[in-house]
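Take a look at the structure set out below.
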Amino acid sequence: MKNWLLIYGIVSFGPSLAQPSLSELLAENQQIELVPSQLDAMGTLALFNEFELEQLRAFFQNGGVISNYYQLQGILHHSTTAQINQKIPLLLLPPSTFVSGQSHYKVSNYKSEFRINYPSFLKQNNQWRPHLDTNYLGPAMALRYRWQCNYLNWQLNGQLAKDSGEPIWYQGKNGGVDYQTFTAFLNNDRSSKTIKRFVMGAYQIQWGQGLQLWTSRGMGKSIDLLQLVRNPLGLKPYSGNDEQRYFQGAAICLGKSKNELLVFSSIRHVDAIQKLDTLSNEFNFSYSSGYHRTLSEIAKRKQQQELIFGIAFNQNKELFRWGLCILQHSQIYSSVGANWQWSKKQYYFYGEEVLSRITNGVQPPQWAHNFGLIYFFDPKLEMAAHLRYYAPYYLANYANPISNISSGSNELGLIVQLKSQLTPNWALLLALERAAVYLKPNSAHFYDVINDSRLVLNYLSKHKTQARLQFSHRYPKSNQAILGLQFNCQIELDQNWQLNVVGQLLKNTKVIGSSRQLRCSIRYIPKSKGLRLELSSGMYQANSPLPPLYMHAYLLGVGTQTMLLSGVGSFTMGSIRWQVSGHWQIQFHSVFTSNLKGVGGAKVQCGGMFRYEL
Amino acid sequence: MPLRSFMFFLILLLPTLLLSQVYWPLASWNSFVALNAQKKNVQWANPAAFSIDDKKGCSIETVLPLSIPNLLGIRVKNHFAKANISYHQDLSLLLCESFIQGGFSNAIALAINQNFKMGLALQTKFLQQPQYYGNFFTALGRLGLQYQMNKAHYLSMVLDDIAPKQMQIIRIEHLWCMQQNLHFAQGLQWCPSSSPQIYLSIQQSIKDYHLQFGLGIPMQSFEVAVSHKLKSSWEWTIMPTWRQGIGYLVQFQLSR
C-alpha cells in the first residue's frame, strides 16, 4: 500500500515539483544540432574538453543523437545549467539554408590504408614458433586494404580484406577475394534538395529502436539511462570489418520539410549451411562467424542469396518523431514496424512495435514491443524505465534490440534506472533489471528469470580525472549468483599524457575465491605532434571454477582488443603511430599474452598499418 | 579538497582491499613504501621518482635476516640529477654460503612537466649456485610514473620486472601529505602468480629525525624505521622489519 502511495505521489506531484526555468524551457524547445563529424572542431574551439568529447563519441558510437538540452546535460554529467547554457547558443540548430556540399566533408579528399596482421608466434619448448594451423588453406596473415574518396557531396569507398588463414583468392562459384565492398554515397543532408541521401553498394541502416532493422552490432545494455534510447542514424555508407551485417544494393532517402522516405533493397550472397545439411524448412543463416579458412568453413561461404526490400517513412518534428517501416526478407519473413520518440517538458518517451511473420512457418505473426520513458525530475535527478517483450518466434535477422539474447526473441524484460548527481563531481547510477526467457520447444534456451542489479559511482573532475566504481549482482534462477566489482580511473597527467587503471573482481557466490584482473595503461596523445603511442599491461587470476573474465581494452589506433581471461596470466600491449609527413601515417602494434596456468602459454602477435591521406 | 581527494583514492583502492588475501613474498628486502619521491631520490623502487632538490647522492645499506643464518644483503646506490633528468644506478648483492645473488640496475627519469615524471630502468640479475642449479642470468625492465595531483597528493605506478617470462609486478601507490611533516601512503602491489597485497604507511618528521611505520594488510608484514640526519650531511637509518614467511630482518642504511 505504501509503495502505491509513493508511486501515486511521484506521478501526481513530480511534474509540479520539477518545473523548469524559463531559460530551460527555451532551450528545451529548440533543437540542438550536434553530430559526430563536428566533435573534433568542437574540441579545437575548446567548447568541450577531452573527456566530454570522449563521452560524446561513445554516445554517438551507440547510435545516439543529441536532440535536446536535457540529453546533452545528462551525457556530460553537468550538475549546473550554467556550463551547458554557455554552450547552447553555439549548438542551436541554424535555420535551414543551402550549404555547399564541399563543406560537409571535413575529412581529407582521399584516404587509403593498408593493414597487415602478421602470424602470431607461440612459445613452445622454450622456442618461439609461428602459429600455423595445417587445416587452414590460406596464409596466416590478415590483410586489409581500404580507400575512401570525397568529391563534393559524394563519397566513394571500397575495401578488400582477408582474415588470417583464409585463401587470398577463392575459385569457383562466388569466387574472388574473401571480402570486398564498394560504396558510392551521396549526402545532401545540409542542402534543401529532395534527395537527402543515396547509396549504391555496401550500406547500413539503423532504424527505430533496433527491433526490426539495425544492421550494425550494438554495444549491449548501458548503465547510462540516456543510452538505453537508440537514436538511429538512418542510411549510412559501410566500410567496416563485419562481413555479415551489412546490406548491398541501392537505397535512397528522400526528404521534404520534416518528412523522410527511405526505399532500400539489398541483394547479397551470405554464408549459410547448405540445405542438404539441415532438416529445417527455413534456410539456416546460423553460420555467421565470417571465417572461411578450412574446407568446411569454405563450404558455407556465400551459399545463399539474400534479397531484402523495404520502405520506411519517418517524420521529424522538433520534439516528436515517428516512423513506419515495411520489410521483406527473401522468402523467409516479412515485418511491419512503427517507432516514435516524444519529448515533453521533463518527459521523454520512446518505443517501437514490430509484427513479424515467417513466410512458410506454422506460427502466427509474432510481436516485439519496446517502451521507454525517461523522466528528468531535476537537472540532478533522472529516472528511466524500459519495458520489452519479444515473442518466442519473433524473427528479425538484422535486428539489434536491447536484449539478453543476441537474436532478440523470446524475452520479457523490465529495466529501471535512476541517476543522481550527488555533487558537481560525483554521480550515482542505479540500474535494476528483471528479464524472463520462456520455455521454447526444440530450443537451447530454457525458462529462466534473470535479476541484474548495478550500482555505479562516478567521479569526474573538471578536466583531469574521472573514476568509476561499479557493483553488480546478477542472479539467474537456473544458476549461481555472480557478484562483480569494477573500477576504472583515468587521469590526464598532462596535455599529452593519460593514465588509465582498470580493475575487476568477479565472485561466484557458491565458490571460494574470486576472479580478478588489473590493467594499467599509459598513453601519449599530443594534439600537434605526429607521434602517438600507448603501452598497456595487465594481469589476471581466473582459475576454474571461478567465473572467467573478459578484457575489452582500446588500443590506440588499432581498436578494442577483447580477450577471454581464464587461468592465471598477464598481457602487455603496445602501439605506436607516426605521422611521417603531411600525408603518410605508419602504425605498428604488438600484443603479448602469457598464461602461466591453464592453456595458451606465451603468444605474441604484431601488426602494421600504412595510411596515405591527401 | 584534500579530504575529497583522499576519499577518491580510498574508493580507488577499496576493491583491492577485498582482493588481498594471502601473503605475497617480496623479493626485495627494501621498504615497499617508497614509490613517490618528494625530497629524496627513490629511483631504486620507482625509476620515475626523483626530486630536483636531491641533485646527487649515494648510499650503502645492509640487511640481516635474523632467522636465516649466514645471509647478508648489501646494496650500493648512487644518483645525480641535472635539469629535468635524473640518472640512478644501484648494485646489490645477497651473499650466502651456498649461493650469490646479485643485481645491477640503471634508471633514467625525465620530468615531462612540473607534476609528471616518467622513468625507465634496465636491471640485470644473476644467481650463482654452482653446486646445485648452476648459474642464472636475466635482464629485466621497469617502467615508472609519478604524478603530483596537487600539493598534497601524489600518485605512482610502476611496472616492475618486465621480462619475456611475464612475471611482472604492478605497483600503485598514493601518498597524502596531510601536514608538512606528516604523510600517509597506501598502495597495492600484485604479481599474477600470487594474490595482491595492500599496504598502509605513516611517516613523520621531527626536526632531524624521521619516523616511518608500515603495515601490510591483512597482517603480513610490518616495519618501523628511524632516520637521523647528521650535521655532516650524512644520514643513518635503522629499520627492523617483520615479514610473514621470512621472519625478522634488520636493515641499516647510511646515505648522503
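Only the coordinates and a few stated rules stand behind these numbers; no lab work does. All values derive from a computational prediction rather than experimental measurement. Heads up, the Cβs are rebuilt from the backbone with ideal geometry, glycines too, and the neighbour counts pull from every protein chain shown.
Below, the figures for the structure above:
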quantity: The range B:2-255 - convex hull of the alpha-carbon atoms, volume per residue in Å³; calculated: 125
quantity: Neighbour-count order for A:SER453, A:SER335, fewest beta carbons within 10 angstrom listed first; calculated: A:SER453, A:SER335
quantity: Radius, Kirkwood style, for the range A:549-608 when every pair of distinct Cα atoms is counted (Å); calculated: 12.8
quantity: Ascending count of other beta-carbon atoms within 10 Å, so fewest first, for A:HIS369, A:HIS589; calculated: A:HIS369, A:HIS589
quantity: Label-point separation in nm, B:ALA139 to A:GLU613, each point 7 Å along Cα→Cβ; calculated: 3.7
quantity: For the range B:38-172, convex hull of alpha carbons as volume per residue, Å³; calculated: 122
quantity: Exposure proxy order (Cβ contacts within 10 Å, fewest to most) of B:SER227, A:SER356, A:SER289; calculated: A:SER289, B:SER227, A:SER356
quantity: About the Cα centre, charge dipole magnitude for the range B:2-255 (Lys/Arg +1, Asp/Glu -1 at Cβ), debye; calculated: 540
quantity: Gyration tensor (alpha-carbon) shape descriptor, the range A:101-479, a/c threshold 1.5; calculated: rounded
